[in-house]
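Reviewing the structure listed below.
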Amino acid sequence: MEKFDIIIRSSESEGAKQIPYFYVPCMIKAEPEIDIHEMFNVPKDIGKRSTWMCFRFIFLPPHLYNHLIASLSRKYNIAERVVTGQKERQIALFKSTAVFELQDETTKLRKLLVMTCPNVIQIQVWEFGEDIKSGLYKYIADFVTEELNTIMHTRFKMSNVKFEKKWECGLTEPKCVTGSNIFMEEPTYQCDTCQIKHMFIDEWSDQQNKAPWVRVHVKAGKRDHSNVSEDQSSERSLREFTAEQINFTKMGIIVLNILADASYDLLKQDIPNLRPRSDCDITYLYNEHRRLNKHIPTNGWGVIRQVDQVTDIAVGDDIERIRLTRNELQHSRAAELGDTRFNELCNILTDLLQRFDQLNKPTRLYTDHLHEILAKTISAEDVQSIENEILGMDITVEIVNPVKVQP
Ligand SMILES: [Zn+2]
């Protein structure tokens, strides 16, 4: 029965001492009792949930999905979770939903979700560590494609069965995924689900070398990028950068230096033994504020998704604004910021930093630092150094990740 994928030997039962036990995929009738993303606490963030890769069939043979699950479980372990109050670990194998560990031996920071609905087998990778990059999951897409082809054509000779590969925003609810988009080379798209413009990351294929845009990202923490200069020697190479890229770089400097400083200085008042500023990025600071739960946002922690939607000016609201501004930059994978949006953010942040000046009374006013960055010219070296530093980059940390907060 193992040979025909009717049963799957549990990888944990391979040791000689243990009694082997088996899964029987076609017998599993249970649906997950809660949303599968919620079950594994997957951040609602396109840097952490890959796009859905959809294998769309005209006719999907009923057991093809189970065969695929069997193939995957020969290569990867099925994910498990510990549920409070239950004696046994819960295995993430449900009717039409399964989760695999892609890094089971080590970090468990990467998991694969496989689901099926009437005509589609859809997969998504969850990344709990680094951010999703172009080409990162090509190996998984290739493996699943090959396995499907092998099952269909070699093993079962289902010669009439064909699929096409489509994709959809990773934030689309599993049930709403239809695989509406074809793979493309354009760097951005307007998302049907989020109704905003996203970068097309293209994590499922290896076309990153074709990307025509310059990647400039900004790293928080260790290095201060706010040393703006007007070095004339940089004028020539500066022409290679667009106004949008310069805006993005400036905003990155503001967010990762001034906003992080403001957040740090506030936290330091309540946590005197706080680790040094150079070891704190915005994610860490946000999570510490949230844990401390002293300055609570008007609408609660992590509720609002866009910086413009924060309308109140409690201290907690400003802590949310910092998070959301940084998220917005992080999601701008083209590393560009148009003039209109740049000016909107500058207005929002000027008001915010005035409030932090009042609150923290820093020796050097945050608003002065802000004006300095806005007024001066960013050198090409600034842009370049940020780009270089970011290629080994750390802007990957997730801010929305819920932290248990005392009621
Ligand atoms: Zn979207």
Requested in this report: Sort out which residues of region 181-194 are farther than 20 Å from K138 by Cα and in a loop (DSSP other than H, G, I, E, B), and write them in order of number.
Outcome: C191, D192, T193, C194
Requested in this report: Quickly run through region 137-172 and pick out the residues that are away from the ligand (no atom under 16 Å from the Cβ), assigned to a loop (DSSP other than H, G, I, E, B) and modelled with pLDDT of 90 or more.
Outcome: Y137
Query raised in the report: Are any residues in region 99-139 surrounded by 19 or more Cβ atoms within 10 Å (Cβ to Cβ) and without any contact (Cβ under 8 Å) to a residue 40 or more places away in the chain, and if so, which ones?
Result: F100, E101, L102, R110
Report summary line: Given (1) within 16 Å of the ligand (Cβ to nearest atom); (2) assigned to a strand (DSSP E or B), D131 misses just (2)
Report summary line: Scanning region 173-192 for residues that are out of contact with any Phe, Trp or Tyr (no Cβ under 9 Å at 6 or more places or on another chain) and among the charged types (D, E, K, R), the one nearest to the ligand (Cβ to nearest atom) turns out to be D192
Query raised in the report: Do any helices (runs of 4 or more DSSP H) lying entirely in region 302-386 carry at least 3 residues that are among the β-branched types (V, I, T), and which ones are they?
Result: 315-331, 339-360
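The values are calculated or read from the model by the stated rules, or taken from the named source; none is laboratory data. All figures in this text were calculated on a predicted structure; none of them were measured in a lab. Positions of Cβ are generated from backbone atoms using ideal geometry, with glycine treated the same way; all protein chains shown enter the neighbour counts.
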